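Below is one structure; the comments refer to it alone.
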Amino acid sequence: MRHQRRLSWFVCALSVLLALPLQAQVLISQVYGGGGNSGAQYKNDFIELFNAGSSAVDLSGWSVQYASSAGTTWAVTPVSGTLQPGQYLLVQEAAGSNTLATPLPTPDNTGTISMSGTAGKVALHNAITALSGACPVAQNFVAYGGANCPTPTATLSNTTAALRKTNGCTNTNTNSADFSALAPAPRNRGTTFNPCDGGGLPTDPTASASVTPSSVQAGDSVLLRVTVAPGQNPLSTGIVVIANLSPIGGSAAQALFNDGSNGDSVAGDNIYSYSATVDAATAPGPKVIGIGVGDDQLRSASLTASMSVVPFLTINQLQGNGLLSPYNGQSVIVEGIVTARKSNGFFLQTADGEEDASAATSEGLLVFTGSAPSATASVGNRVRVLGLVAEFKSSSNPHQLTVTEITGPSLTLVSTGNALPAAKEITLALANPSNPVDAMERLEGMRVSVASLNVVAPVGAFITESSAVSPSSGVFFGVLPGVARPFREPGVGALDTTVFPGGVNPPVFDTNPERIRIQSTGQSGATALGADVGDVINGLVGVLDYSNANYSLLPDPSASISVVAGATPTPVSVRKTSEITIGGFNLQRFFDETNAPSVSDPVLTPTALANRLKKTANAICGYVRAPDILGVIEVENLDILQRLAAGINAGNTQDPGSCESNPQYAAYLEEGNDVGGIDVGFLITGVEVAPGVPRVQVLEIIQEGKAATLANPNGTTSLLNDRPSLTLRARINQANGAHYDVIVINSHLRSLTDVSSTDPGSDGWATDGARVRAKRAAQAKYLADLVHARQLANPGERIVLLGDFNAFEFNDGYTDSMGIITGREAGPTEVLNHVDSPITTPLTNMAELSPEADRYSFSFDGNAQSLDHMVVNQALLDSTTGVRAEHARINADFGEDNYGDFTVPVRVSDHDPVVLFLDEAAFATADLAATVVATNSSVVIGQNVGFGVGVANGGPDAAAPVSLELRLDLPSAGMTVQPANGWTCNAPVIDATGTDVHCSISNFASGASGSFVIEVPTSRDLGGRTLTLGAQVSSPMTDLAPANNSSSDATQVTASADLLARVFAPKGPLNSKKLVVFGIGIANAGPHDARNAVLVIAVNAPKSVVTGFTDATGNGLACSNASDTPTLSTWNCPVGEWYEAGRFDGLGVTVNPFYTQPSKVLSVGASFNSTTTDPSPGNNSAAKAVKVVGATATLQ
């Protein structure tokens, strides 16, 4: 009956146990509020605590609180530490204005409460939340002076404190009886302990509880255990423990047992137990079991025990059909086949035949164990896993998707030796450029396969710089066959969480979801693969993980994988004699064997350094081909650069003979500000092209902006340029006397590391990312200002910018560095850190002129990208015949594991070097020659005049471009030119005196020749002409023998017309008194027409004797007197411009013979001639004379 009464009482009290205060063990032992007042003994107010009990008390999370004498608002000072029995604790509060008062002994806790010196209320509370009300329930409570709570102490003053009697041990719960008003005597932890006689006050029982297992599914059993420490003074008797099991479908007042039954192990050991079954209808979720402990002394304790009822799910239910699990944050139970193990977990997958019908839900899952999983999770085992569902995202990179996993797992083995689920093949449907970034989420954690993979980014390595060793990391990237190599694209990454202000909408880079990351060492026991770009990997089978912001295939250790090599190192082109070469090469942390003070530098072993020197020299000679000027990046100091130059000059290379000749490099480097000790410099050739004339003449080298600063938001400044640019003013000389002046600026700008960091910033920057972006923008602006100033001062100055700009050729959405530098910056709505470029004459980034497939110098996270650029200004483009850039493909396409392999020429660095080729026409020497040879020295009209024109280049260089000018001294619309092979000729251009034809070829190789055939038709008007053809060949190249650049030859054009004339006289003698008619006949016996033919008639008498002319043939002959004397008159009878071959004419001349005195003979002659050659001129003239009878006279 007694037990039943106690049980009934305890059940009724269970609901209020948590609200009841415990019997005070820690007491307020002293209160003083006059600190710092006039006449005060101490400078500060204080509250003193004392442990009057027999056991230590942890005060973590407790507080002392103060309210005014009539107040209901409480000021809080947290306290902490463990207080041993008989130990004091001093809490210092606010100080007064009396600064001469004595300081307190060293306080154990401090606060800022200003207390009344006469009346108030002080409470000790087991929480730091403020109490409420005038007289709240607390662990201990003291009212002093005229406070409005029961039994206050006496009124205090600036010289008195309330001290608990018997050094803190008296406690009747009546303040007026327990405290005395005495001079303050503050005591702290260091004060001698004062244990109270008899162990102090009665103590309540205490307890702790557990539920095993703490997570179960509905229908399972759990064991509730409560370990009780009996109360003291007096010792607890008749202990009862009651639990409220209604949250799991049990009794609301279930008694626990200490008798060895109902799950209790040992009777009478104060461990109370009960084995309960979770009702099958219990809803999943966390459950709190309320527990009460009581004894016959009516003392009590209350506590709770927590457990979870978890659902049993299929893996596809847990994964859901989206990125996040619908059970995120919940405890669950799943079951499946262990498919793979890794260093900190294992993969679980639904057995074949148990999958759901949805393709959108994954059947695989990562179980995170934090360390190597137990043997229970062996591959092929079927296990049941109880754990918490989590969506994991690495704190080091917030810009990525989450991984659905189970954490804190508890494993139960179901069976062993199970077949692994069949691998799902990754096809183009999932791994193509048009997909979203999470397209492969549906395969997360599952077994997958890739039949064939084209490597697009080489394997990484774990590089130890000091010894130059580089074992493979086994991580590389590939795409499926038929998918193009992925390149970095403009914009911020699609998963970036950076907050952009309103109105700023940068382009978005989809991160190329077609990439597949291969982590060949991801599974325990797997071997690291090596891979170069262009390799083909066959037979990949494993599980699909997600890490480092990429879906990653972890191949099975037993997979039969084959690698077909595809990459070969490729040098830049051999420069032509007419070309200037300017290179840029990031040598990747090129350090020496000495530990430099104040610099975070690796110290190389002598062997490692010797090998790096040889391998780098080999790359510069054999693949970069020792350019005239080489800008180098990431070099520790001038000494190591000089040693590299000496090795190159001596031909001390990895592959003997890779240096075809000694470039006589001289090294130039200026120390900068980089905490890692890397700088930029130049290697410049000093080979003489003529006695005393070096190939490159260094006119000036300037370090730019070493002291320039970046203004921080908090008013401080930081150095802007970690690695200040070097400006080289140089003259490149050629053996033929030509030279080329150029400015070369070598830069290494701030990296992209942390550009999107959301970590808190320093120096007033909101985030570390904001600081990085601002610095990158300021560096780009500084460099642009430098270029702009030079272009304004000298618009014709040629400028080349090279180096590692750590920026893409396009806008990355954060800071458009290259846009700022070139004067082609993104607009303010397209980039987070917008900067107006000062450049007014934009520059050209050669990367944008290269073929798309060649636009990279670096590979990062599977994306090819350009960080190392060649930028030229318009003045250079306008004054240079040809400009192009090439990369030596020796680094970015080859695995990092080659870094420490000194038998291969690749992976000298992580950047591919880039070389700018400037084709300067004046640097080429080409002996051009032209010859003209007439086909015939003469032709007759109707035949074509032919000429052969030969052109040749006697070298030593190709000429480009080459022009041939042809000039015929005759306007000829019918002139034709058959050009030499490879040449083109324009249409003839005719002017008043001749005909011109322009022919050209873009490149005329040394030793090349060509023949042109020219034909000119002839007509009758060319008869008698000499036709001359001249040829002049030329190019911008230097020609040391210009005399043979021109030539000419001529052809005579001939024609002939056999003219003849006849005179027919009347039969004589002639009667002087009768008119007579003489007949004249003319003809052209050919073979050609006669030009400007004229018939001349002569009579041996004055013109008056000729009374007329008769055109016998009707061809319009007409004669006019040409001369007249008493004894001779002549007449000209033209027949037109042309007298055709085969034509004949007759003319009658009427003459009066009377006037023939004194000769008495009438003579008529005819002569027929032309300007055309006459092969038989003897028949061109004829005459007839006839005697005259009768009276004659002489005409006066």
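The values are calculated or read from the model by the stated rules, or taken from the named source; none is laboratory data. Computed from a prediction, not measured in an experiment: that's the story for all the values here. Virtual Cβ from ideal backbone geometry, glycine too; neighbours counted across all protein chains shown.
Worth a mention:
- Screening Gly61, Gly35, Gly53 for residues that are in the same structural domain as Thr172 (by TED's automatic domain parsing) and surrounded by fewer than 24 Cβ atoms within 10 Å (Cβ to Cβ) leaves exactly one candidate, Gly61.
- Within the stretch 248-279, the residues that satisfy the criterion of being over 20 Å from Val216 (Cβ atoms), surrounded by 14 or more Cβ atoms within 10 Å (Cβ to Cβ) and either in contact (Cβ under 8 Å) with a residue 24 or more places away in the chain or of a type in the set (Asp, Glu) (or both) are Ala253, Ala255, Asn270, Ile271, Tyr272.
- In the stretch 1129-1149, residue modelled with the lowest pLDDT [restricted to those that are exposed (fewer than 15 other Cβ atoms within 10 Å of the Cβ) and over 17 Å from Gly1114 (Cα atoms)]: Glu1137
- Taking the stretch 234-252 as the range and being within 25 Å of Thr203 (Cα to Cα) and part of a loop (DSSP other than H, G, I, E, B) as the test, the residues that pass are Pro234, Leu235, Ser236, Thr237, Gly238, Ile239.
- Residues satisfying the stated conditions in the stretch 398-427, i.e. surrounded by fewer than 14 Cβ atoms within 10 Å (Cβ to Cβ) and in a loop (DSSP other than H, G, I, E, B): Thr416, Gly417, Ala419, Ala422, Thr427
- Any chance Val989 is modelled with pLDDT of 95 or more and either touching a helix residue (DSSP H, G or I) at 6+ places or on another chain (Cβ under 9 Å) or crowded, with 19+ Cβ neighbours inside 10 Å (or both): no
- Of the residues making up the stretch 541-560, not a single one is over 29 Å from Gly862 (Cα atoms), without any contact (Cβ under 8 Å) to a residue 12 or more places away in the chain and either small (Gly, Ala, Ser) or exposed (fewer than 15 other Cβ atoms within 10 Å of the Cβ) (or both).
- Hey, Val632 touching a residue at least 24 places away in the same chain (Cβ under 8 Å), within 27 Å of Ile799 (Cβ to Cβ), surrounded by 24 or more Cβ atoms within 10 Å (Cβ to Cβ) and not assigned by TED's automatic domain parsing to the domain that holds Ala468 or not: yes
- Pairing residues of the stretch 163-179 that are aliphatic (A, V, I, L, M) with residues that are surrounded by fewer than 19 Cβ atoms within 10 Å (Cβ to Cβ), at Cβ distances under 7 Å and at least 6 apart in sequence or on separate chains, gives Leu163/Ser180; Leu163/Leu182; Leu163/Ala185.
- Residues satisfying the stated conditions in the stretch 506-554, i.e. under 23 Å from Phe392 (Cα atoms) and of a type in the set (Val, Ile, Thr): Thr511, Ile516, Ile518, Thr521, Val543
- Selection status of Gly948, under 53 Å from the mean Cα position of the chain (by Cα), touching a residue at least 24 places away in the same chain (Cβ under 8 Å), part of a strand (DSSP E or B) and farther than 30 Å from Ala1090 by Cβ: no
- Filtering the stretch 283-292 to residues that are under 19 Å from Pro213 (Cβ atoms) and either buried (at least 21 other Cβ atoms within 10 Å of the Cβ) or at pLDDT below 95 (or both) leaves Ala283, Pro284, Gly285, Pro286, Lys287, Ile289, Ile291.
- Every test in (1) modelled with pLDDT of 95 or more; (2) among the β-branched types (Val, Ile, Thr); (3) in contact with a Pro (Cβ under 6 Å, 6 or more places away or on another chain); (4) more than 20 Å from Leu867 (Cβ to Cβ) is passed by Val492 save one, and that test is (4).
- Qualifying residue in the stretch 800-809 (condition: modelled with pLDDT of 95 or more, assigned by TED's automatic domain parsing to the domain that holds Val689 and farther than 26 Å from Asp674 by Cα): no
- When the test is whether a residue is buried (at least 18 other Cβ atoms within 10 Å of the Cβ), part of a strand (DSSP E or B) and either in contact with a Lys or Arg (Cβ under 8 Å, 6 or more places away or on another chain) or free of Cβ contacts under 8 Å to residues at least 12 places away in the same chain (or both), Ala143 passes it.
- When the residues of the stretch 167-193 are filtered to those that are modelled with pLDDT of 90 or more and β-branched (Val, Ile, Thr), the one that is farthest from Gly120 (Cα to Cα) is Thr192.
- Of the residues making up the stretch 445-458, one or more are touching a Lys or Arg at 6+ places or on another chain (Cβ under 9 Å), crowded, with 21+ Cβ neighbours inside 10 Å, not hydroxyl-bearing (Ser, Thr, Tyr) and not in a strand (DSSP E or B).
- When residues of the stretch 342-362 are limited to those that are of a type outside the set (Phe, Trp, Tyr) and under 35 Å from the mean Cα position of the chain (by Cα), the one surrounded by the most Cβ atoms within 10 Å (Cβ to Cβ): Ser362
- With respect to the stated conditions, Val689 fails to be β-branched (Val, Ile, Thr) and without any contact (Cβ under 8 Å) to a residue 40 or more places away in the chain.
- Extreme residue, nearest to Leu324 (Cα to Cα), among residues of the stretch 358-404 that are at pLDDT 95 or above and of a type in the set (Lys, Arg): Arg384
- Any strands (runs of 3 or more DSSP E) falling wholly within the stretch 1100-1146 and containing at least 3 residues that are farther than 15 Å from Ala1061 by Cα and assigned by TED's automatic domain parsing to the domain that holds Ile1082: 1106-1111, 1120-1124
- Candidate set: the stretch 652-673, residues that are modelled with pLDDT of 95 or more and in a loop (DSSP other than H, G, I, E, B); chosen: the one surrounded by the most Cβ atoms within 10 Å (Cβ to Cβ): Pro663
- From the list Ala134, Ala94, Ala127, the lone residue that is outside any loop (DSSP other than H, G, I, E, B), touching a residue at least 12 places away in the same chain (Cβ under 8 Å), assigned by TED's automatic domain parsing to the domain that holds Pro184 and of a type outside the set (Phe, Trp, Tyr) is Ala94.
- Lone qualifier among Arg1062, Arg1091 - being closer than 28 Å to Ala934 by Cβ, touching a residue at least 12 places away in the same chain (Cβ under 8 Å) and surrounded by fewer than 19 Cβ atoms within 10 Å (Cβ to Cβ): Arg1091
- The C-beta contact set for the stretch 389-408 (first residue of a type in the set (Lys, Arg), second residue at pLDDT 90 or above and in a loop (DSSP other than H, G, I, E, B), distance under 7 angstrom, 6+ apart or interchain) comprises Lys393/Gln400; Lys393/Thr402.
- Among (1) within 18 Å of Leu443 (Cα to Cα); (2) in contact with a helix residue (DSSP H, G or I) (Cβ under 9 Å, 6 or more places away or on another chain); (3) touching a residue at least 60 places away in the same chain (Cβ under 8 Å) - the single one Thr339 does not satisfy: (2)
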